[in-house]
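Working notes for the structure below.
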Amino acid sequence: GGTPPESARPELGAEGEAVLQDLLRPTTVEIEPGRGGAGLTMWSFAAGTVAGVPDAAPTGRVRDLVAEQCRSWSERLTVALPGRLGRPGTSVARRWLPRLPEPYRQATAPDVAAADVEQLQRLDGTGGVSLRVLPDGAGPWYPLRVTVGGPALELSGFLPVLESLGLVVAEEMTFGIDAPSTNGAPAVLASVMDLRVARHPGDGSAIGPEE
(Lines give C-alpha, C1' and ligand atoms only; values in the text may rest on other atoms or scores of the structure.)
Protein backbone atom coordinates (compact mmCIF):
# COMPACT_ATOMS: atom_id res chain seq x y z
CA GLY A 1 0.00 0.00 0.00
CA GLY A 2 1.06 3.62 -0.46
CA THR A 3 0.95 6.36 2.10
CA PRO A 4 1.85 10.06 1.79
CA PRO A 5 4.97 11.20 3.65
CA GLU A 6 2.86 13.06 6.26
CA SER A 7 2.19 9.85 8.19
CA ALA A 8 4.11 6.92 6.76
CA ARG A 9 3.95 4.32 9.52
CA PRO A 10 5.88 1.03 9.30
CA GLU A 11 3.46 -0.97 11.44
CA LEU A 12 0.00 -2.49 11.33
CA GLY A 13 -0.99 -1.31 14.78
CA ALA A 14 -2.22 -3.51 17.64
CA GLU A 15 -5.67 -4.04 16.12
CA GLY A 16 -4.23 -4.77 12.69
CA GLU A 17 -1.74 -7.28 14.07
CA ALA A 18 -4.54 -9.05 15.97
CA VAL A 19 -6.62 -9.34 12.79
CA LEU A 20 -3.63 -10.56 10.79
CA GLN A 21 -2.87 -13.20 13.41
CA ASP A 22 -6.49 -14.36 13.29
CA LEU A 23 -6.54 -14.56 9.49
CA LEU A 24 -3.15 -16.04 8.66
CA ARG A 25 -1.47 -17.13 11.93
CA PRO A 26 1.90 -15.91 10.59
CA THR A 27 5.19 -16.97 12.12
CA THR A 28 6.88 -13.81 10.85
CA VAL A 29 5.84 -10.45 9.43
CA GLU A 30 8.45 -8.46 7.47
CA ILE A 31 7.90 -4.85 6.49
CA GLU A 32 10.11 -3.03 3.98
CA PRO A 33 9.79 0.59 2.83
CA GLY A 34 10.21 1.72 -0.74
CA ARG A 35 9.51 4.80 -2.83
CA GLY A 36 6.58 4.89 -5.24
CA GLY A 37 5.19 7.48 -7.59
CA ALA A 38 3.71 10.85 -6.59
CA GLY A 39 5.96 11.02 -3.52
CA LEU A 40 4.32 8.00 -1.88
CA THR A 41 6.19 5.80 0.55
CA MET A 42 5.42 2.18 -0.32
CA TRP A 43 5.37 -0.48 2.39
CA SER A 44 5.76 -4.15 1.50
CA PHE A 45 4.23 -6.58 4.00
CA ALA A 46 5.38 -10.24 3.80
CA ALA A 47 3.83 -12.78 6.18
CA GLY A 48 5.29 -16.26 6.70
CA THR A 49 2.57 -18.72 7.68
CA VAL A 50 2.59 -21.97 9.61
CA ALA A 51 1.65 -25.34 8.15
CA GLY A 52 -2.08 -25.94 8.06
CA VAL A 53 -3.20 -22.50 6.96
CA PRO A 54 -5.61 -23.03 4.04
CA ASP A 55 -4.23 -22.31 0.60
CA ALA A 56 -7.23 -20.07 -0.02
CA ALA A 57 -6.18 -17.49 2.57
CA PRO A 58 -8.59 -14.52 2.95
CA THR A 59 -6.40 -12.25 0.85
CA GLY A 60 -9.21 -9.74 0.37
CA ARG A 61 -9.49 -9.05 4.10
CA VAL A 62 -5.71 -8.90 4.45
CA ARG A 63 -5.51 -6.44 1.56
CA ASP A 64 -8.24 -4.28 3.13
CA LEU A 65 -6.40 -4.37 6.46
CA VAL A 66 -3.11 -3.24 4.93
CA ALA A 67 -4.89 -0.54 2.88
CA GLU A 68 -6.53 0.81 6.04
CA GLN A 69 -3.23 0.92 7.90
CA CYS A 70 -1.61 2.77 4.98
CA ARG A 71 -4.15 5.60 5.02
CA SER A 72 -2.69 8.94 5.96
CA TRP A 73 -3.89 10.90 8.98
CA SER A 74 -5.77 13.28 6.68
CA GLU A 75 -7.46 10.41 4.85
CA ARG A 76 -8.59 8.83 8.10
CA LEU A 77 -10.08 12.11 9.29
CA THR A 78 -11.81 12.65 5.94
CA VAL A 79 -13.35 9.17 6.17
CA ALA A 80 -14.42 9.62 9.80
CA LEU A 81 -16.24 12.95 9.43
CA PRO A 82 -19.09 11.82 7.14
CA GLY A 83 -19.79 9.11 9.69
CA ARG A 84 -20.40 11.84 12.26
CA LEU A 85 -21.90 14.59 10.09
CA GLY A 86 -23.37 12.77 7.11
CA ARG A 87 -22.81 14.13 3.60
CA PRO A 88 -21.62 17.58 4.83
CA GLY A 89 -18.70 15.82 6.51
CA THR A 90 -16.62 15.83 3.32
CA SER A 91 -16.89 19.60 2.84
CA VAL A 92 -16.25 20.16 6.56
CA ALA A 93 -13.05 18.10 6.24
CA ARG A 94 -11.92 20.19 3.26
CA ARG A 95 -12.48 23.36 5.26
CA TRP A 96 -10.67 22.40 8.45
CA LEU A 97 -7.89 20.05 7.33
CA PRO A 98 -5.58 22.77 5.93
CA ARG A 99 -5.88 24.67 9.22
CA LEU A 100 -4.97 21.88 11.63
CA PRO A 101 -1.33 22.42 12.67
CA GLU A 102 1.25 19.65 12.58
CA PRO A 103 1.69 19.47 16.40
CA TYR A 104 -2.06 18.86 16.67
CA ARG A 105 -1.92 16.06 14.07
CA GLN A 106 1.02 14.42 15.84
CA ALA A 107 -0.74 14.47 19.23
CA THR A 108 -4.30 13.62 18.14
CA ALA A 109 -5.75 10.38 16.81
CA PRO A 110 -7.95 10.84 13.70
CA ASP A 111 -11.12 9.67 15.47
CA VAL A 112 -10.56 12.19 18.28
CA ALA A 113 -9.80 14.87 15.68
CA ALA A 114 -13.10 14.07 13.92
CA ALA A 115 -15.00 14.80 17.15
CA ASP A 116 -12.94 17.99 17.62
CA VAL A 117 -13.72 19.18 14.09
CA GLU A 118 -17.42 18.42 14.59
CA GLN A 119 -17.38 20.75 17.61
CA LEU A 120 -15.22 23.35 15.82
CA GLN A 121 -17.76 23.49 13.00
CA ARG A 122 -20.63 23.88 15.46
CA LEU A 123 -18.88 26.59 17.48
CA ASP A 124 -17.37 28.42 14.49
CA GLY A 125 -17.31 32.15 15.14
CA THR A 126 -19.41 31.95 18.30
CA GLY A 127 -16.69 32.05 20.93
CA GLY A 128 -18.52 29.15 22.57
CA VAL A 129 -16.86 26.33 24.49
CA SER A 130 -17.42 22.55 24.37
CA LEU A 131 -16.04 20.08 26.94
CA ARG A 132 -15.71 16.32 26.31
CA VAL A 133 -14.32 13.63 28.60
CA LEU A 134 -12.86 10.88 26.43
CA PRO A 135 -13.63 7.26 27.26
CA ASP A 136 -10.04 6.01 26.93
CA GLY A 137 -8.69 7.36 30.18
CA ALA A 138 -6.82 5.16 32.64
CA GLY A 139 -8.44 6.11 35.92
CA PRO A 140 -8.17 8.17 37.92
CA TRP A 141 -6.87 10.43 35.11
CA TYR A 142 -9.03 11.12 32.06
CA PRO A 143 -8.49 13.17 28.88
CA LEU A 144 -10.64 16.30 28.76
CA ARG A 145 -11.00 17.99 25.35
CA VAL A 146 -11.92 21.66 25.42
CA THR A 147 -12.95 23.02 22.02
CA VAL A 148 -13.27 26.79 21.70
CA GLY A 149 -14.82 28.75 18.84
CA GLY A 150 -12.13 31.40 19.19
CA PRO A 151 -8.76 31.95 20.91
CA ALA A 152 -7.76 29.55 23.66
CA LEU A 153 -9.07 30.11 27.15
CA GLU A 154 -6.71 31.69 29.64
CA LEU A 155 -5.67 28.96 32.05
CA SER A 156 -5.55 31.43 34.92
CA GLY A 157 -9.28 31.93 34.51
CA PHE A 158 -10.27 28.44 33.35
CA LEU A 159 -8.48 26.31 35.96
CA PRO A 160 -10.49 27.77 38.87
CA VAL A 161 -13.66 26.78 37.00
CA LEU A 162 -12.47 23.18 36.76
CA GLU A 163 -11.38 23.24 40.40
CA SER A 164 -14.84 24.45 41.40
CA LEU A 165 -16.18 21.28 39.74
CA GLY A 166 -13.90 19.16 41.92
CA LEU A 167 -11.32 18.48 39.20
CA VAL A 168 -7.53 18.49 39.36
CA VAL A 169 -5.52 19.17 36.18
CA ALA A 170 -2.20 17.35 35.65
CA GLU A 171 -1.30 18.09 32.01
CA GLU A 172 -2.31 20.62 29.39
CA MET A 173 -1.63 21.18 25.70
CA THR A 174 -3.24 23.94 23.64
CA PHE A 175 -3.48 24.03 19.85
CA GLY A 176 -4.37 27.23 18.03
CA ILE A 177 -6.13 26.85 14.69
CA ASP A 178 -5.44 29.81 12.42
CA ALA A 179 -7.75 31.42 9.91
CA PRO A 180 -6.35 32.20 6.45
CA SER A 181 -4.01 35.19 6.61
CA THR A 182 -5.42 38.48 5.32
CA ASN A 183 -2.63 40.90 6.25
CA GLY A 184 0.36 38.66 6.85
CA ALA A 185 -0.63 37.77 10.43
CA PRO A 186 -3.18 34.95 10.61
CA ALA A 187 -5.84 35.34 13.26
CA VAL A 188 -6.72 32.51 15.62
CA LEU A 189 -9.94 31.03 14.28
CA ALA A 190 -10.44 28.43 17.00
CA SER A 191 -8.52 26.35 19.51
CA VAL A 192 -8.44 22.93 21.12
CA MET A 193 -7.14 22.21 24.62
CA ASP A 194 -6.13 18.72 25.72
CA LEU A 195 -6.04 18.25 29.50
CA ARG A 196 -5.66 15.33 31.90
CA VAL A 197 -8.04 15.66 34.80
CA ALA A 198 -9.02 13.66 37.89
CA ARG A 199 -11.42 14.11 40.74
CA HIS A 200 -10.04 15.98 43.73
CA PRO A 201 -8.80 13.45 46.29
CA GLY A 202 -11.56 14.52 48.64
CA ASP A 203 -14.27 13.80 46.05
CA GLY A 204 -15.21 10.13 45.81
CA SER A 205 -17.29 10.38 42.63
CA ALA A 206 -15.97 9.08 39.31
CA ILE A 207 -15.34 10.79 35.99
CA GLY A 208 -16.85 9.27 32.87
CA PRO A 209 -17.35 10.08 29.20
CA GLU A 210 -20.95 11.12 29.79
CA GLU A 211 -19.97 14.13 31.91
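The values are calculated or read from the model by the stated rules, or taken from the named source; none is laboratory data. Here the structure is a predicted model, which is why all the values come from computation and not from measurement. Backbone-built Cβ (ideal geometry, glycine too); neighbour counts: all protein chains shown. These accessible areas exclude ligands, DNA and RNA; they are computed on the full protein's heavy atoms, side chains included. Shrake-Rupley method; radii C 1.70, N 1.55, O 1.52, S 1.80 Å.
Values computed for the structure shown
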quantity	calculated
Stokes-Einstein translational diffusion, the stretch 113-168 - Kirkwood Rh over all Cα pairs, 1.306 mPa s, 10 °C, in µm²/s	128 µm²/s
Surrounding net charge for MET173, when Lys and Arg each add one and Asp and Glu each subtract one, Cβ distance under 14 Å	-2
Whole-number percent relative contact order across the stretch 89-171, with pairs defined as alpha carbons under 8 Å at least 6 apart	21 percent
Solvent-accessible ranking of SER164, SER130, largest area first, probe 1.4 Å	SER164, SER130
Peptide ranges 108-116, 82-90 listed from the most packed, as the mean C-beta count within 10 angstrom indicates	108-116, 82-90
